[in-house]
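A short worksheet on the structure shown next.
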Amino acid sequence: MSTPMIALGTAQFGMNYGIANQSGQVPSDEVVRILALARSEGIDTLDTAMDYGNSETCLGECGVAGFNIITKLSAVPDDATDVEGWVRGKVQACLQRLRVPAVR
């Protein structure tokens with residue numbers, strides 16, 4: 001039997017998210033503690049997106065060394081004439097916010 005894969009969702013690190021969310025966006029000091037707990041429990045994957053407010057920036061500031069990061073781009077705008085260039089630019093911006101050389 002294979003080990004189950006669990007990823008930590010990070011939408012609340014960058015915005016008020018979730019229908020049952022009564023406490024709002026998670027403060028940065030709490031994000032640091034959550035990431036440390038995730039590491040200690042063997043969770044090595046973070047799920048984020050450029051549409052999660054400032055989640056990517058928060059993660060970059062808190063430090064994500066050692067984590068696998070999955071991020072998602074927004075929909076390509078209808079008026080994008082250079083889709084490849086748009087995607088490359090958005091990926092580079094994500095990497096800069098996350099302060100990492102690559103994502104999955």
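The values are calculated or read from the model by the stated rules, or taken from the named source; none is laboratory data. On a predicted model such as this, the values are computed, not experimentally measured, just so you know. What goes into the accessible areas is simple: the full protein's heavy atoms, side chains included, and nothing from ligands, DNA or RNA. Shrake-Rupley method; radii C 1.70, N 1.55, O 1.52, S 1.80 Å.
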query: Just how much of Ile6 is accessible, in Å², when a 1.4 Å probe is used and the result is rounded to the nearest 10?
result: 100
task: Please arrange Glu61, Glu30 by accessible surface area, largest first, computed with a 1.4 Å probe and ligands excluded.
output: Glu61, Glu30
field: Taking only Cα atoms of region 64-104, radius of gyration then Dmax in Å
entry: 11.6, 37
- prompt: How far, in degrees from 0 to 90, does helix 83-98 lean away from the longest principal axis of the Cα atoms of the chain, to the nearest 10?
  reply: 30
- prompt: Using a 1.4 angstrom probe with every protein chain in place, what is the largest-first accessible-area order of Tyr52, Tyr17?
  reply: Tyr17, Tyr52
- request: Over the chain, average the accessible area per residue using a 1.4 Å probe and give it in Å², no decimals.
  value: 65
- prompt: Helix 28-40 versus the longest principal axis of the chain: what angle, 0 to 90°, nearest 10, using Cα atoms?
  reply: 70
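State, to one decimal in nm², a quarter of the convex hull surface area for the C-alpha atoms of the chain, i.e. the direction-averaged projected area. Walk me through the numbers before you get to the answer.
Details: hull surface 33.4 nm².
That works out to 8.4 nm², a quarter of the Cα hull's surface.
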- request: Heads up, I need the accessible area for Asp82: 1.4 angstrom probe, whole protein in place, Å², nearest 10.
  value: 90
